[in-house]
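Presented below is the structure to which this report refers.
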Amino acid sequence: MADSDYATNCHDGETGEVLSVRWAYIKAAKGTTMHGVANIYAGSRIRRFFWLICVIGGLCGAVAFSSSILSDYVSFRKNTNVVTVSQTEMKLGRRRP
């Protein structure tokens, strides 16, 4: 397999020029083994917009859920009791000779 066949190669196969970020991403998406990613660019603009809304919605949901869990953890009431015992108050066992 030639170097130009790899999806991660950011050079145009015919001219050898460096691809723009957009076209390099499209090339990587079409050649990936994650089967759903290649289909995002195969559809219409409506389909791509739907995928964009789903991804942004998922990210927003993850951030909202994570911040909710973190705020519950931080606001949870915690009590810590520290008891100090001086050496004169401690009852020590008898030392054996």
Going fewest to most other Cβ atoms within 10 Å around each Cβ, D12, D72 line up as D72, D12
Going fewest to most other Cβ atoms within 10 Å around each Cβ, Y73, Y25 line up as Y73, Y25
Ranked from fewest to most other Cβ atoms within 10 Å of their own Cβ, F76, F50 fall in the order F76, F50
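Bear in mind that the values in this text are calculations on the coordinates, not laboratory data. Keep in mind that this is a model prediction, so the values were computed, not measured. Glycine gets a Cβ as well: all are built from the backbone with ideal geometry, and neighbour counts include every protein chain shown.
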